[in-house]
Every structure is written in structure tokens, then in C-alpha cells.
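Here the structure is laid out as C-alpha cells; the discussion comes afterwards.
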Amino acid sequence: QVQLVESGGGLVQPGGSLRLSCAASGSISSFYAMGWYRQAPGKQRELVATFTRCGSTNYADSVKGRFTISRDNAKNTVYLQMNSLKHEDKAVYYCNAVISRPWPRAPNIYWGQGTQVTVSS
């Protein structure tokens, strides 16, 4: 069982920055993938940014050039640096981890409890 604990959310003005952190209870270097998703009121949860064990990253078009995902394997922590925040970035942000299992078993997927990001003047 993997636990994910997010932190760093809060209230920020448009154009401001926040850095989210996700501390994992396991060794993230062994995880198949980790990333950030978000869910705004009345909308479905959507991908924000992810990276895989092989090093590839993926960003939602809406955050490219503004958000950066990174990790510190020694601290088992994943970060999401969010710059030039917009009103539409307001959402609950969730950390996600995917841990592969031997074929043919499906991977285990874990979620954090979420952290609120509010962008308002």
C-alpha cells in the first residue's frame, strides 16, 4: 500500500506561482509513473502533468510552458511548479502513482487526498 500526501496548495493571485509537493511512502524510483491531476467543480478529473520511470513527461496543453513536474528520488517526493497561474487553474490537485505488477495483473493506482488551489484577485 502506497500513501501519497500532497501539500502546497493555497490562494494565489492571477499571474502568481505555487509549488505543490507529493510525498510518497514508497520508493518513487520504482514506480512506473507518477503525476498530477486536477478536478474543478462540476468537471471531470483531468491530467495535468505526469512522468514515467523511463523519464518521459507529459503535460496538458493548457499548462505547457507554465507548469513543471519534477521529482526528488532521495526524498520520494514529486513536485509541481505552477507559474503564471490563471483563474481556470483553480481546482483540487491530486497526486497519482502507478505501480506495475507482473503480467497479467493490472497495475495498482494510488491517489492522494488532494490539495486545493485557488486563483483569485
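Kindly state, to the nearest 0.05, the FRET efficiency for Arg53 paired with Ser17, given R0 = 25 Å and r defined as their beta-carbon distance. Walk me through the numbers before you get to the answer.
Working: r = 28 Å, r/R0 = 1.12.
Efficiency for this residue pair is about 0.35.
Which chymotrypsin sites (Phe, Trp or Tyr not before Pro) in segment 1-106 sit in a loop by DSSP (not H, G, I, E or B) and have at most 15 other Cβ atoms within 10 Å of their own Cβ?
Numbers: sites: Phe31, Tyr32, Trp36, Tyr37, Phe51, Tyr59, Phe67, Tyr79, Tyr93, Tyr94; in loops: Phe31, Tyr32.
For chymotrypsin sites (Phe, Trp or Tyr not before Pro) across segment 1-106 that sit outside H, G, I, E and B with at most 15 neighbouring Cβ atoms in 10 Å, the list reads Tyr32.
Give me the compactness ratio for segment 1-61, meaning the Cα radius of gyration over 2.2 N^0.38 Å.
On the way: Rg = 13.4 Å, N = 61, 2.2 N^0.38 = 10.5 Å.
Taking the Cα Rg and dividing by 2.2 N^0.38 Å, one obtains 1.28.
Which three lengths, in whole Å and largest first, does segment 32-121 cover when its Cα atoms are put on their principal axes?
49, 28, 24
Using the alpha carbons of segment 50-90, what is the convex hull volume per residue in cubic angstrom, as a whole number? Present the calculation step by step, with values, prior to reporting the outcome.
Details: hull volume 3.1 nm³, N = 41.
So the per-residue Cα hull volume is 76 Å³.
What is the sum of charges around Thr118, taking Lys and Arg as +1, Asp and Glu as -1, for the other residues whose C-beta is under 10 Å from the C-beta of Thr118?
Numbers: positive: Lys90; negative: Asp89.
So the environment of Thr118 carries a net charge of 0.
Does segment 73-118 come out rounded, prolate or oblate by the C-alpha gyration tensor, with a ≥ b ≥ c the root eigenvalues, rounded set by a/c under 1.5 and, if not, prolate when a/b is larger than b/c and oblate if not?
Numbers: a/c = 3.14, a/b = 2.07, b/c = 1.52.
Since a/c reaches 1.5 and a/b is larger than b/c, the shape of segment 73-118 is classed as prolate.
Pairing rule first: another cysteine's C-beta must sit under 4.7 Å. Under that rule, which cysteines of the chain stay single?
Cys54
Where a number appears in this text, it was derived from the coordinates with a stated rule and is not lab data. Quantities reported herein were computed from a predicted structural model and do not represent experimental measurements. Ideal geometry is used to build each Cβ from the backbone, glycine not excepted, and the neighbour counts take in all protein chains shown.
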